[in-house]
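Peer 1: Before I ask anything, let me first share the structure, which is written out below as structure tokens.
The values are calculated or read from the model by the stated rules, or taken from the named source; none is laboratory data. Fair warning: this is a prediction, and the values are worked out from it, not measured in the lab. Every residue, glycine among them, receives a Cβ derived from its backbone with ideal geometry; neighbour counts consider all protein chains shown.
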Amino acid sequence: MEKILYLAHVDQNGHLPKIALETLSGALQAAKDMPGSTLTVGLIGEDIQAAADTLAGCGASKIFGVSGKDFGMSRYATDVKAAEAIANVAAATLIIAPATSRFARALSGAAFRLKAAIDTHVSGLTLAGGALQIQRWYYRQRMVATLSRIARPWILVVDGGVFPAWQGAKTSAKIEAISVIVTDKEKRTQVTGVQAPSADAQTIRPEADVLFVAGAGWTKKQADGQIHAKEAEQLILGFLKNAKASLGSSKSLVDQGSEGEQVLSFMSHLNQVGQTGSTPRHPKGFSTCCHGEEPHVVGWRFINERRAVNMDANCGWAQGKADVLYVADAFAVVAKVNELLAKG
């Protein structure tokens, strides 16, 4: 019998991020698939009551919480201590948590203190022969493995987009508060402010409905024999603004800067999908001026609907790697789409 602990933290507004609600769906499914198991919830943050009320109807037997000003920010020392305390009180054998940047830093430390096994980037939970099995991708998302562990406690850090976000009625929840003493040494790290680009300047939007991927063709010579990099920038930024899309890039495009070629000024390796192992999970994807090379396609593995535009009818995208291929000039297509989007 597993004692399952669903562990999450709240954001600065006291709300649970979308990935946390997705992971809760996975935890509930695991509890349902394993007869006799119990499910508890653990929350970390400055004010967790609103989040607890949101989860009150999920069917958990108890909701544990570590809260207060010391736990409002993302800080390794305090997050590890809070996660350890909740896991010990819950006597958890299986801890399921979302792969947020905050937990990605802290849960390995919590695993060490709990003498637990930990697996990150979990992309599936199944039950086979009475044993829980997880799925995990390796070699930059080219190979998927199914594995199980006997060791307990076992911490599973689940990637976003694997499960649908849980939805339930919001009611009043009772929290069993856990007191965690934090020393001055553990509070040395302080968040003094947040620097972030404006909404229009931001190109990476994980929650966007559309991922727009730009390939190296944008900065190559066009039909008139000239390079139109500035026009390409305006068209791409216009699409990102009007469609509220996220920006991705092929490796060949972001590598051009080191090769002395023209590049898009707003593009960096952070936008790259594919060979870095980055696998975005947007509902729709739109690839432009790309050749559909295998590493790039790997980066698109988890996008539900994939469309591409390329002048070459025999490009890699025409070989079944996109759901729809438009054989056209990307400059003309994106310009027309921007015009339509601007009209609302």
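Peer 1: Go through (1) surrounded by 16 or more Cβ atoms within 10 Å (Cβ to Cβ); (2) hydroxyl-bearing (Ser, Thr, Tyr); (3) touching a residue at least 60 places away in the same chain (Cβ under 8 Å) for Tyr76 and report which single condition fails.
Peer 2: The one condition Tyr76 does not meet is (1).
Peer 1: Would you call Val191 among the hydrophobic types (A, V, I, L, M, F, W, C) and modelled with pLDDT of 90 or more? Walk me through it before giving the result.
Peer 2: Details: among the hydrophobic types (A, V, I, L, M, F, W, C): yes; modelled with pLDDT of 90 or more: no.
It is false that Val191 is among the hydrophobic types (A, V, I, L, M, F, W, C) and modelled with pLDDT of 90 or more.
Peer 1: Does Trp154 fit the bill of being crowded, with 18+ Cβ neighbours inside 10 Å, aromatic (Phe, Trp, Tyr) and at pLDDT below 95?
Peer 2: Numbers: crowded, with 18+ Cβ neighbours inside 10 Å: yes; aromatic (Phe, Trp, Tyr): yes; at pLDDT below 95: no.
So Trp154 fails the test.
Peer 1: Still on this structure: Among the residues of region 9-27, is there at least one that is farther than 25 Å from Glu207 by Cα, assigned by TED's automatic domain parsing to the domain that holds Val182 and of a type in the set (S, T, N, Q)? Explain how you work it out, then say what you get.
Peer 2: If we filter region 9-27 for residues that are farther than 25 Å from Glu207 by Cα, which is where we start, we get none.
Within region 9-27, not a single residue is farther than 25 Å from Glu207 by Cα, assigned by TED's automatic domain parsing to the domain that holds Val182 and of a type in the set (S, T, N, Q).
Peer 1: Does Ser123 count as at pLDDT below 95, under 22 Å from the mean Cα position of the chain (by Cα) and among the hydroxyl-bearing types (Ser, Thr, Tyr)? Write out each step before concluding.
Peer 2: Values: at pLDDT below 95: yes; under 22 Å from the mean Cα position of the chain (by Cα): yes; among the hydroxyl-bearing types (Ser, Thr, Tyr): yes.
So Ser123 fits the description; yes.
Peer 1: Also: Is one or more of the residues making up region 149-163 outside any loop (DSSP other than H, G, I, E, B) and out of contact with any Asp or Glu (no Cβ under 8 Å at 6 or more places or on another chain)? It would help to see each step written out before you state the result.
Peer 2: Taking region 149-163 first, the residues outside any loop (DSSP other than H, G, I, E, B) are 154-158.
Adding the requirement that they be out of contact with any Asp or Glu (no Cβ under 8 Å at 6 or more places or on another chain) leaves none.
Checked region 149-163: no residue is outside any loop (DSSP other than H, G, I, E, B) and out of contact with any Asp or Glu (no Cβ under 8 Å at 6 or more places or on another chain).
Peer 1: Of the numbered conditions (1) free of Cβ contacts under 8 Å to residues at least 24 places away in the same chain; (2) in the same structural domain as Ile86 (by TED's automatic domain parsing); (3) within 20 Å of the chain's Cα centre (by Cα), Pro164 fails exactly one; give the number of that condition.
Peer 2: Every condition holds for Pro164 apart from (1).
Peer 1: Residue check: is Ala104 touching a Lys or Arg at 6+ places or on another chain (Cβ under 8 Å) and aliphatic (A, V, I, L, M)? Even if it seems obvious, please write down each step before you answer.
Peer 2: Working: touching a Lys or Arg at 6+ places or on another chain (Cβ under 8 Å): no; aliphatic (A, V, I, L, M): yes.
Here the answer is no, as Ala104 does not meet what is asked.
Peer 1: Where residues in region 207-223 are loosely packed, with under 14 Cβ neighbours inside 10 Å and in a loop (DSSP other than H, G, I, E, B), which of them is modelled with the highest pLDDT?
Peer 2: Looking only at region 207-223, we keep the residues that are loosely packed, with under 14 Cβ neighbours inside 10 Å, and these are 207, 209, 221, 223.
Still in the running and in a loop (DSSP other than H, G, I, E, B): 207, 209, 223.
Values: Glu207: 86, Asp209: 93, Ala223: 85.
Ranking the candidates gives Asp209 first.
Peer 1: Just for helices (runs of 4 or more DSSP H) wholly inside region 231-344: which have at least 2 residues that are surrounded by fewer than 16 Cβ atoms within 10 Å (Cβ to Cβ) and modelled with pLDDT under 85?
Peer 2: none
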